[in-house]
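Novice: Pasting a structure here, questions to come.
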């Protein structure tokens, strides 16, 4: 993919453009490509630096940490000083090339104490300037809380227990009034990611949506929320134009929140529908989503019990929505041009 010099040029240019670069580090296992068949083929490592080959039993923590992922990816033994030395040197090298943070792949397959040691090293070497997160897919033997005391984790709980159910065929958006999620505002949230795309993963390890359009709407919802740090799958920006609008909406809400304005998220009960939802972000903005194929019409929208009032500009179509107070109540008095 290039040289160290190429990577340094990339990070320098990204920094000029106001962008940060995160490195995806794979410390749990090695490759199963043909040229690496045999544990004596990895430079700087010896067969003793790997766990013995075994299939993972996801209900047992020791098995998750010590057995081979997929059955054929040689599992590194991080208790070995040589393994830690190689991986810490890799971290230092990436930091020297301008990397701004790290994503730890398959973090749940590594002992939390080892992951903590690596994060502490990153914090020391970078003077605390990096942003890091851990890939943790919950299962019978692993919980997000096993790792989110170390750094932010990927919120597969929100994906599996809330988003797929609400946005899938026959799902009810009213369930998002109180979504099931990892209780951590730093968590990495997503409508879908590389592990949930059938084109890349025919088995969909953590389950897929009924259609791609469902995932686009879930991503729009994730961007509209206050909680979590959203991750947008790269090509979704091109396939669903409203996703880039969702990013803009989130940026505005984040900026206003920093100015001590009320941007708290709240899914409103003013629309009692399984396919249409309305979320306020305090008094500063709101988000409306219709997942059905039909138009939705409501003659009178009473917003008296909400924080919303005044004139709002719809970000994608640029029209005005007016919410006015009359006789002690608040109603939508204008919607459109």
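The values are calculated or read from the model by the stated rules, or taken from the named source; none is laboratory data. Please read all numbers here as calculations on a predicted model, not as lab measurements. Glycine also receives a Cβ, built like all others from the backbone with ideal geometry; neighbour counts cover every protein chain displayed.
Novice: Being closer than 23 Å to residue 194 by Cβ, in contact with a strand residue (DSSP E or B) (Cβ under 6 Å, 6 or more places away or on another chain), not in a loop (DSSP other than H, G, I, E, B) and not assigned by TED's automatic domain parsing to the domain that holds residue 148 narrows it down to one residue among 223, 289; which is it? Don't jump to the end; show me each part of the working.
Specialist: Numbers: 289 fails: closer than 23 Å to residue 194 by Cβ.
Exactly one of 223, 289 is closer than 23 Å to residue 194 by Cβ, in contact with a strand residue (DSSP E or B) (Cβ under 6 Å, 6 or more places away or on another chain), not in a loop (DSSP other than H, G, I, E, B) and not assigned by TED's automatic domain parsing to the domain that holds residue 148, namely 223.
Novice: Taking the condition in the same structural domain as residue 140 (by TED's automatic domain parsing), part of a loop (DSSP other than H, G, I, E, B) and farther than 21 Å from residue 133 by Cα, does residue 98 pass? Explain how you work it out, then say what you get.
Specialist: Numbers: in the same structural domain as residue 140 (by TED's automatic domain parsing): yes; part of a loop (DSSP other than H, G, I, E, B): yes; farther than 21 Å from residue 133 by Cα: no.
Taking the combined requirement at face value, the residue does not satisfy it.
Novice: When you scan the range 305-326, do you find a residue that is within 18 Å of residue 219 (Cβ to Cβ), part of a strand (DSSP E or B), in contact (Cβ under 8 Å) with a residue 12 or more places away in the chain and out of contact with any helix residue (DSSP H, G or I) (no Cβ under 6 Å at 6 or more places or on another chain), even just one?
Specialist: Kept after step one, since they are within 18 Å of residue 219 (Cβ to Cβ), are these residues of the range 305-326: 315-316.
Okay, now just the ones that are also part of a strand (DSSP E or B), so none.
No, there is no match, as no residue in the range 305-326 is within 18 Å of residue 219 (Cβ to Cβ), part of a strand (DSSP E or B), in contact (Cβ under 8 Å) with a residue 12 or more places away in the chain and out of contact with any helix residue (DSSP H, G or I) (no Cβ under 6 Å at 6 or more places or on another chain).
Novice: Right, here's the next one. Just one of 214, 272, 239 is more than 27 Å from residue 151 (Cα to Cα), surrounded by fewer than 20 Cβ atoms within 10 Å (Cβ to Cβ) and within 19 Å of the chain's Cα centre (by Cα); which is it? Spell out how you get there, then give the answer.
Specialist: Values: 214 fails: surrounded by fewer than 20 Cβ atoms within 10 Å (Cβ to Cβ); 272 fails: within 19 Å of the chain's Cα centre (by Cα).
Within the list 214, 272, 239, the selection yields 239.
Novice: Go over the candidates 73, 95, 69 one by one and state the one that is farther than 14 Å from residue 28 by Cβ and either in contact with a helix residue (DSSP H, G or I) (Cβ under 8 Å, 6 or more places away or on another chain) or touching a residue at least 24 places away in the same chain (Cβ under 8 Å) (or both). Don't jump to the end; show me each part of the working.
Specialist: Details: 73 fails: farther than 14 Å from residue 28 by Cβ; 69 fails: farther than 14 Å from residue 28 by Cβ.
Only one candidate qualifies: 95.
Novice: Still on this model: Do you know which residues across the range 14-39 are more than 25 Å from the chain's Cα centre (by Cα) and either in a helix (DSSP H, G or I) or under 20 Å from residue 231 (Cα atoms) (or both)?
Specialist: 16, 34, 35, 36
Residue-by-condition table, conditions (1) crowded, with 16+ Cβ neighbours inside 10 Å; (2) touching a residue at least 24 places away in the same chain (Cβ under 8 Å); (3) within 14 Å of the chain's Cα centre (by Cα):
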residue: 169; (1), (2), (3): no, yes, no
residue: 198; (1), (2), (3): no, no, no
residue: 204; (1), (2), (3): no, no, no
residue: 207; (1), (2), (3): no, yes, no
residue: 235; (1), (2), (3): no, no, no
residue: 257; (1), (2), (3): yes, yes, no
